[in-house]
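This report refers to the structure that appears directly beneath it.
The values are calculated or read from the model by the stated rules, or taken from the named source; none is laboratory data. A quick note: this is a predicted structure, and the numbers were derived from the prediction, not measured. Here the Cβ is made from the backbone with ideal geometry for all residues, glycine too, and neighbour counts use every protein chain on show.
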Amino acid sequence: MPPTGPSALPPKRPITILASIAVCMLWYPGALFAQQDIRNLSGTVTDRQHEPLRGAVVQVQEEGTQIVASYITDRQGHYRFRHLRGSTDYLVWATYRNQKSKEKTISQFDARHNVKIDLIIKLE
């Protein structure tokens, strides 16, 4: 009578485990390239005379969900958003003292991983 129970199974071989992992990665190629679906956005907010605007509020709106993220610029007028999804369109704008910059877009078809958008606010 052949043995039964856990001892009856043949031992797993490392080559079998590696082959299983390789098949899974080929079956789902998105796992290999998930990091490439991330992008970063940075830039500077200035007035018409190219003076940096400290304390301007930069907003990024995801077009699909309408979710908005905000960032307050530093003393040089710089802002940065990290880990935005590359497969999504975004609107970007800034406000300062009740004045708003023009809206800029980031397209999901833009292949850059580091996007730089400078915004200008016309102060009155």
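Just to be sure I understand the filter: pairs with C-beta atoms under 8 Å, separated by 6 or more residues or on different chains, first member in region 52-74 and on the phi < 0 side of the Ramachandran plot, second member of a type in the set (Lys, Arg) and surrounded by fewer than 18 Cβ atoms within 10 Å (Cβ to Cβ). Which pairs pass?
Pro52/Arg75; Arg54/Arg75; Glu62/Arg85; Tyr71/Arg80; Thr73/Arg54; Asp74/Arg54
Given (1) under 11 Å from Leu119 (Cα atoms); (2) free of Cβ contacts under 8 Å to residues at least 60 places away in the same chain; (3) not in a loop (DSSP other than H, G, I, E, B), identify the lone condition not met by Lys102.
(3)
Scan region 103-123 for residues that are farther than 12 Å from Ser42 by Cβ, touching a strand residue (DSSP E or B) at 6+ places or on another chain (Cβ under 7 Å) and surrounded by fewer than 14 Cβ atoms within 10 Å (Cβ to Cβ) and jot them down.
If the condition is that a residue be farther than 12 Å from Ser42 by Cβ, touching a strand residue (DSSP E or B) at 6+ places or on another chain (Cβ under 7 Å) and surrounded by fewer than 14 Cβ atoms within 10 Å (Cβ to Cβ), then Glu103, Thr105, Lys122, Leu123 are the ones that fit.
Which fully enclosed strands (runs of 3 or more DSSP E) of region 50-89 have 2 or more residues being farther than 16 Å from Lys102 by Cα and under 14 Å from the mean Cα position of the chain (by Cα)? Give the steps one after another, and end with the answer.
Details: elements: 57-62, 68-72, 78-85.
Per the criteria, 68-72, 78-85.
With the condition kept exactly as written, say whether any residue in region 33-41 is modelled with pLDDT of 95 or more and of a type outside the set (D, E, K, R).
The answer is yes; a qualifying residue exists.
Scan region 90-124 for residues that are modelled with pLDDT of 95 or more and among the acidic types (Asp, Glu) and report the count.
2
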